[in-house]
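Throughout, read-outs are computed from the coordinates displayed, never taken from laboratory work. For clarity, every value in this text was computed on a predicted model and none was experimentally measured. Quick reminder, even Gly has a Cβ in these numbers, built from the backbone with ideal geometry, and neighbours come from all protein chains shown.
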């Protein structure tokens, strides 16, 4: 369980492995904020290897989205499995985020 | 085969995932539907435990959370109780309203209510009992006392 940060051109890509939950959400937040403070503005969080996001994890995504937007940046999400998509739909967060079905589609959307 | 399980947990967020996995395995042994275990039960139990530790027990490491579960092939009943003073579950705002969607908190109880078939809080508000049916009810009933 963890987070990997890659650079794809001017886009910062974060892979979430395992889960994004109350126990590790701060780690993701810190990684994104560090990149934001370093001047990065385009972020993609890829959930291809993510099994579960809890409400705290959803909350961190909302918080990061606001902070990135305040700095003039953009946040995209990709590869939500069926369960995760259901969570976003139930909470109506699918209306708040731009969600792509693949990494390539998300990268091309910036 | 029905089974009953009682776990007395430390107020430690790291205990949530271990407890959820343990409970899923016991309910799997009881023959409960895999899809509803993997998603509905996981979300319901994980959110209830996180609420108990973060808000009910206010992160106090001296306090504990009690997790009780009855696992059967047709239904699973879960009770999560903390040592806090409780809260009014009726006072929670709807996180899906446009003005609340950008809040970074307030979705835990909402998800429990959405994904479990019945949800009942005790009068004090420090204990929640949740019922998950193998066959979801057509019209979900929610009540709080």
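Things worth noting here:
- Only helical runs count toward this figure. For chain A, summing -39,500 (n - 2.57) over DSSP H runs of n ≥ 4 and dividing by all residues gives -12000 deg cm²/dmol at 222 nm.
- Structure remark: mean-square fluctuation, Gaussian network model of chain A, C-alpha springs under 10 Å; the largest value among A:20, A:61, A:93 belongs to A:93.
- The protein assembly as shown: proportion of alpha-carbon pairs further apart than 26 angstrom, %: 41
- Modelled label positions at residue A:109 and residue B:35, each set 7 Å beyond Cα in the direction of Cβ, lie 2.6 nm from each other.
- Share of pairwise Cα separations in chain A, more than 22 Å, in percent: 21
- Percent RCO, i.e. relative contact order, over chain A, from Cα pairs under 8 Å lying at least 6 residues apart: 25
- Highest-MSF residue in chain B out of B:19, B:127, B:85 [GNM, Cα springs under 10 Å]: B:85
- Each Cα pair under 8 Å and six or more residues apart adds its sequence gap; the mean of these over the residue count of the range B:1-141 is a relative contact order of 27 percent.
- Measuring nothing but alpha carbons in the range B:3-133 and taking Rh as the Kirkwood radius, the Rg to Rh ratio lands at 0.96.
- Once the C-beta distance of residue B:105 and residue A:26 is scaled by a Förster radius of 22 Å, the resulting FRET efficiency is 0.95 to the nearest 0.05.
- Note on chain B: with a GNM built from Cα contacts shorter than 10 Å, the maximum mean-square fluctuation among B:121, B:32, B:110 falls on B:110.
- Distance between the C-alpha centres of the range A:8-71 and the range B:1-45: 27 Å, rounded to the whole angstrom.
- Using just its DSSP H runs of length 4 or more, each adding -39500 (n - 2.57), chain B gives a mean residue ellipticity at 222 nm of -7000 deg cm²/dmol after division by all residues.
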